[in-house]
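The values are calculated or read from the model by the stated rules, or taken from the named source; none is laboratory data. For clarity, every value in this text was computed on a predicted model and none was experimentally measured. Here the Cβ positions follow ideal geometry from the backbone for every residue, glycine too, while neighbour counts run over all protein chains shown.
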Amino acid sequence: MNPLKSITGTIVSGVVISAIVMIVFSDGVTTSIQWAVWLHVLAGVAWVGLLYYFNFVQVPGVAKAIAEAEGGGPGPAAINKYLAPSALLWFRWAAVATWFTGAYILAKMGILGAAFTFQPGAAVIGVGAWLGTIMALNVWVFIWPNQKKILGLDGKTHAPEVIAKAKVVALMASRTNTVLSIPMLLSMTAYGHGGFPY
């Protein structure tokens, strides 16, 4: 049985290999913070990866599909029906997992309050924590509610002008998250790798 033939098998294989590496290099003793850091990074990669997919691949792809539909092309239906709902599911829950594991890590380190108030020694990670918080709120307050209208996932019929407005709000929130992701990633990695003394 090849585990790579299913997404579940692929994920389980990656988790097993990661657990082995963690246990071997932790002298057989792992801590909750080690697992949380690993889950935080994994969820964060999924979240930001999907954010970049939406902005760099899906939005331009839908625009191209719409333009080609006028000339007899297939239109954006396949993207909006089959790809977007699944991608948005992973996107919004990866945001939740990233935020909560990050908060847990800061709390276990004893710097949760210090990070969010930019205290010395935790200021740079605090910048990352605040940017991540804003990004997570954007996902749940602006992107997801408007995508439900755009894709018809809320079970309601919306007027074209409502959908047009939802597209603008969702796009601007998504682009804001793309902008914020760059300094957020700098802040997160700089703190853990000695990039800044604060």
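When you scan the range 70-110, how many residues do you find that are at pLDDT 90 or above and over 18 Å from residue 37 (Cα atoms)?
Taking the range 70-110 as the starting set, the residues that turn out to be at pLDDT 90 or above are 83-110.
From what's left, over 18 Å from residue 37 (Cα atoms): 83-92.
Going through the range 70-110 one residue at a time, the tally reaches 10.
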Test residue 102 against the stated conditions and say whether it is touching a residue at least 60 places away in the same chain (Cβ under 8 Å), under 25 Å from residue 40 (Cβ atoms) and part of a loop (DSSP other than H, G, I, E, B). no
Count of residues meeting criterion [free of Cβ contacts under 8 Å to residues at least 12 places away in the same chain and among the polar types (S, T, N, Q)] in the range 139-198: 2
